[in-house]
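Report on the structure given below.
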Amino acid sequence: GDSVTQMEGPVTLSEEAFLTINCTYTATGYPSLFWYVQYPGEGLQLLLKATKADDKGSNKGFEATYRKETTSFHLEKGSVQVSDSAVYFCALREETSGSRLTFGEGTQLTVNP
Amino acid sequence: NAGVTQTPKFQVLKTGQSMTLQCAQDMNHEYMSWYRQDPGMGLRLIHYSVGAGITDQGEVPNGYNVSRSTTEDFPLRLLSAAPSQTSVYFCASSYGIAGTGKYEQYFGPGTRLTVT
């Protein structure tokens, strides 16, 4: 079945550091890929998405590129801020699975001033 | 639009008690779902619905019931709570346009449930 694997956390960075959170996936078809963010005490919010190979999703300074050859969708940001502290989830959706999402384990990011 | 709303925000139950977690959305989305979030396990799908009157099981359905009598509401029932059901529960609704790649899922703020 489908699965998503994220790098183990937690991740702790200083403000203005470069961020990478790795995400790889296994899918039978050609899924859409997503990054969701969960701020403390809140629900999940869509951060960015990509629907086909080589697409780059971007939002709020975050970027991720859909790499079919390596089945990856790594999240990057050039300069993190304290306000980026949150849990980040990678997820996929197969077109044939309707609206069902498969999530990774989540990666806790803490950014220190 | 209020989006996806959930009540209550917090709940403590004793083993064996029953309760219903409420979820409502005002975006006229056909698809709704319930997830539970546990440390180190991401979100796991409990039940989902593709429209009023239609529900199906997800990855971890045991111990939970759902119904979908209207497009707006999708309550989750715990019939006899167990400590293993201590978790944070998220309701979500989504829309998608087949063949276009247009899709987005919206999450509620969550219900933190503790079963003692």
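The values are calculated or read from the model by the stated rules, or taken from the named source; none is laboratory data. This one's a predicted model, so the numbers in the text were calculated from it and none came from an experiment. Neighbour counts run over all protein chains shown; Cβ positions are idealised from the backbone, glycine included.
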Enumeration of residues in region A:27-61 that are among the β-branched types (Val, Ile, Thr) and over 14 Å from A:Glu95 (Cα atoms):
A:Val37
Within region B:2-59, track down each residue that is in contact (Cβ under 8 Å) with a residue 60 or more places away in the chain and basic (Lys, Arg).
B:Lys9, B:Lys14
Can you list the strands (runs of 3 or more DSSP E) lying wholly within region B:22-89 that have 2 or more residues being hydrophobic (A, V, I, L, M, F, W, C) and under 10 Å from the mean Cα position of the chain (by Cα)?
B:31-37, B:43-51
Residues that are out of contact with any strand residue (DSSP E or B) (no Cβ under 6 Å at 6 or more places or on another chain), more than 9 Å from chain A (Cβ to nearest Cβ), on the phi < 0 side of the Ramachandran plot and surrounded by 16 or more Cβ atoms within 10 Å (Cβ to Cβ): does region B:48-63 have at least one?
yes
Exactly one of A:Leu46, A:Leu92 is buried (at least 20 other Cβ atoms within 10 Å of the Cβ), out of contact with any Gly (no Cβ under 6 Å at 6 or more places or on another chain) and within 26 Å of B:Pro109 (Cα to Cα), and that one is A:Leu92
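For (1) touching a Lys or Arg at 6+ places or on another chain (Cβ under 9 Å); (2) at pLDDT 95 or above, each residue gets a yes or a no:
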site	(1), (2)
B:Asn1	no, no
B:Gln11	yes, yes
B:Gln17	no, yes
B:Gln22	no, yes
B:Pro39	no, no
B:Tyr89	yes, yes
Unique match (being touching a helix residue (DSSP H, G or I) at 6+ places or on another chain (Cβ under 8 Å) and hydrophobic (A, V, I, L, M, F, W, C)) among B:Leu13, B:Leu78:
B:Leu78
Being touching a strand residue (DSSP E or B) at 6+ places or on another chain (Cβ under 7 Å), within 14 Å of another protein chain (Cβ to nearest Cβ) and not hydroxyl-bearing (Ser, Thr, Tyr) is the requirement here; does B:Ala81 meet it?
no
Step by step: first the residues of region A:12-30, then only those that are under 14 Å from the mean Cα position of the chain (by Cα) and buried (at least 17 other Cβ atoms within 10 Å of the Cβ), then the one that is farthest from A:Thr102 (Cα to Cα). Which residue is that?
A:Leu19
Could you please let me know if B:Thr114 is surrounded by fewer than 16 Cβ atoms within 10 Å (Cβ to Cβ), part of a loop (DSSP other than H, G, I, E, B) and more than 14 Å from every other protein chain (Cβ to nearest Cβ)?
no
So, first residue within 13 Å of chain B (Cβ to nearest Cβ) and hydroxyl-bearing (Ser, Thr, Tyr) in region A:4-15, second residue surrounded by fewer than 16 Cβ atoms within 10 Å (Cβ to Cβ) and assigned to a strand (DSSP E or B), Cβ within less than 9 Å, six or more apart or across chains; the pairs are A:Thr5/A:Thr26
In region A:54-106, which residues are within 12 Å of chain B (Cβ to nearest Cβ) and free of Cβ contacts under 8 Å to residues at least 40 places away in the same chain?
A:Asp55, A:Gly57, A:Tyr66, A:Gly98, A:Ser99, A:Arg100
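For (1) closer than 24 Å to B:Asn1 by Cβ; (2) at pLDDT below 95; (3) out of contact with any helix residue (DSSP H, G or I) (no Cβ under 6 Å at 6 or more places or on another chain), each residue gets a yes or a no:
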residue	(1), (2), (3)
B:Tyr48	yes, yes, yes
B:Ile54	yes, yes, yes
B:Pro61	no, no, yes
B:Ser69	yes, no, yes
B:Pro83	no, no, yes
B:Thr86	no, no, yes
